[in-house]
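Comments concern the structure below.
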Ligand SMILES: [Zn+2]
C-alpha cells in the first residue's frame, strides 16, 4: 500500500467514526497567538503539546528552520495576516536545538540536486540571474541568534504593529523543554 492509499483509507475511517469531533473548534485562535516554528518531524506534535496548545489554540506556521527568509515572503505574510485578519494578538517564534537547518551544507544540497537530475547549467543560470542560492537554501549556525534575527526582522517590518508582542523560544526536540530567548512583553511599544 502506498502512503497516499494509507492516508486515504485512514481518513475514511476517521470521518466515519466521527473522530473529528475531538478537534472541532473555530478559526479564531483561542490563545490569540500565531506561532512560527520548524517543520522538524519531532515537532509535529511536540511543538504544541509542550506549550499546552490544543487544536484551535494557535495559528501555526511551519517551515525549514522557523525562519523568515524574505520580508515579503509567505512566512511574514502568514504572521501579518494572523495578526491583522485572523484574531492573533501575539507572535511566538520558536526555533529548536539540533535543527536540520543549523549548519546545512548548501554545496552538498546542490550536489544532491545534480545527482537527481538538475543540470549544472540550470544552477549556473540561476546564479547569473541574481538568485542567491546560498541564501535561499542556507541555514544558520546558532539557533538562538536565528530566533533573535527573526524577531528583529518582524519588529523592523514596515507593516508590523509595534504593539504586538513577539516572543522568542528555543525548544529541545527530545524533552520539550523550552528556553526563553525573548519576552515579547518587554519590547512592546505603547503608543
Ligand atoms: Zn528544525
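Give me the Å³ per residue figure for the convex hull around the C-alpha atoms of the range 139-191.
Roughly 86 Å³ of hull volume per residue.
For Cα pairs less than 8 Å apart in space and 6+ apart in sequence, what is the mean separation divided by the residue count of the chain, i.e. the relative contact order in percent?
About 22 percent, as a whole number.
How would you order 65-75, 19-29 from highest to lowest mean count of nearby Cβ atoms within 10 Å?
So the peptides 65-75, 19-29, ranked by packing, come out 65-75, 19-29.
Grab the DSSP H runs of the chain that are 4 residues or longer, score each as -39,500 (n - 2.57), total them, divide by all residues and round the 222 nm result to the nearest 500 deg cm²/dmol.
Value at 222 nm, helices only, nearest 500: -10500 deg cm²/dmol.
In the calculated pair distance distribution of the chain, what percentage of Cα-Cα distances lie above 31 Å?
29
Between 81, 61, 170, where does the largest GNM mean-square fluctuation fall for the chain, given springs only between Cα atoms within less than 10 Å?
The residue that fluctuates most here is 81.
Apply the a/c threshold of 1.5 to the C-alpha gyration tensor of the range 13-65 and tell me whether it is rounded, prolate or oblate.
In terms of gyration-tensor shape, oblate.
Going by C-beta contacts inside 10 Å, put 157, 167 in order with the fewest on the left.
The most exposed by this proxy come first: 157, 167.
Taken together, the values in this text are just the output of simple stated rules run on the coordinates, not laboratory data. In this text the structure is predicted, and so the values were computed from the model without any measurement. Here Cβ is always computed from backbone atoms with ideal geometry, including for glycine, and neighbour counts include all displayed protein chains.
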